[in-house]
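Encoded as structure tokens, the structure appears first; notes follow it.
The values are calculated or read from the model by the stated rules, or taken from the named source; none is laboratory data. All values derive from a computational prediction rather than experimental measurement. As a convention, Cβ positions derive from the backbone with ideal geometry for all residues, glycine included, and neighbour counts pool all protein chains shown. SASA here: full protein model, heavy atoms, side chains in, ligands and nucleic acids out. Shrake-Rupley method; radii C 1.70, N 1.55, O 1.52, S 1.80 Å.
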Amino acid sequence: GLIELHIRKREGGLFTGMLFGENTPIKEKTIMRIRGPLGTFTLKNSNKPIIMLATGTGFAPIRSLLLQLIADKSQRSVHLYWGARQEADLYCLSEAAALVAQLSNSKFTPVLSRPNSVWQGERGYIQSTVARDYPNLADYEVYACGSTAMINGAQQHLEKECSLPPDA
């Protein structure tokens, strides 16, 4: 067993300061107690096309689903939207693109809410970008991980504007 953690570095953060060596660094073999997210996050057994939404380190569980789809040699259509404020926040951008490229019928769209002037990709919020790209989500499944604000906003917006069923 191996657990891979995606941890966002917070300026002035007590734990991330130790983890990234800004404060007293964590020593090897230090015993730590970790409380992870509660609940389950797994793919439904269906053939419906998939929309994946991630913000920040919410990419970690989405990455797990992508790896499962690849291992299963899934033929389901997948479109990953990964949102962040700035390009540097898309910390595994090339890996995300490479994972999606291993799936047939797949797309990857990074979206920045506060890009610099050089950014050539999508701008705004991912739920708005999804709604523009998929005005009818009645036959889709959506998997979302990241900030609570994004998840709640996406669910409300996509159910209301794009006919996403509440159980999808």
Practice prompt. Test residue 111 against the criterion of being touching a Phe, Trp or Tyr at 6+ places or on another chain (Cβ under 8 Å), crowded, with 19+ Cβ neighbours inside 10 Å and either modelled with pLDDT under 95 or among the β-branched types (Val, Ile, Thr) (or both), and give yes or no.
Written response: yes
Discussion item. If I filter the stretch 80-103 for residues that are of a type in the set (S, T, N, Q), in contact (Cβ under 8 Å) with a residue 12 or more places away in the chain and assigned to a loop (DSSP other than H, G, I, E, B), do I get at least one hit?
Written reply: yes
Item to complete: Residues being open to solvent by less than 30 Å² (accessible area, probe 1.4 Å), among the hydrophobic types (A, V, I, L, M, F, W, C) and closer than 29 Å to residue 45 by Cβ: count how many of those fall in the stretch 76-108.
Response: 8
Worksheet item: Just one of the numbered conditions (1) open to solvent by less than 30 Å² (accessible area, probe 1.4 Å); (2) out of contact with any Asp or Glu (no Cβ under 8 Å at 6 or more places or on another chain); (3) modelled with pLDDT under 95 is not true of residue 119; which one?
Response: (2)
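Residue-wise test of (1) farther than 20 Å from residue 110 by Cα; (2) touching a residue at least 40 places away in the same chain (Cβ under 8 Å); (3) among the β-branched types (Val, Ile, Thr).
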{"site": "3", "(1), (2), (3)": "yes, no, yes"}
{"site": "9", "(1), (2), (3)": "yes, no, no"}
{"site": "21", "(1), (2), (3)": "yes, no, no"}
{"site": "28", "(1), (2), (3)": "yes, no, no"}
{"site": "49", "(1), (2), (3)": "no, yes, no"}
{"site": "53", "(1), (2), (3)": "no, yes, no"}
{"site": "62", "(1), (2), (3)": "no, yes, yes"}
Worksheet item: Of all the residues that make up the stretch 16-38, how many are under 21 Å from residue 147 (Cα atoms) and open to solvent by 80 Å² or more (accessible area, probe 1.4 Å)?
Response: 4
Worksheet item: How about the stretch 128-141: which of its residues are touching a residue at least 12 places away in the same chain (Cβ under 8 Å) and either out of contact with any strand residue (DSSP E or B) (no Cβ under 9 Å at 6 or more places or on another chain) or open to solvent by 30 Å² or more (accessible area, probe 1.4 Å) (or both)?
Response: 128, 131, 133, 134, 135, 136, 138, 139, 140
Practice prompt. Name every residue in the stretch 48-74 that is among the basic types (Lys, Arg) and under 17 Å from residue 101 (Cβ atoms), in order of residue number.
Written response: 63, 73
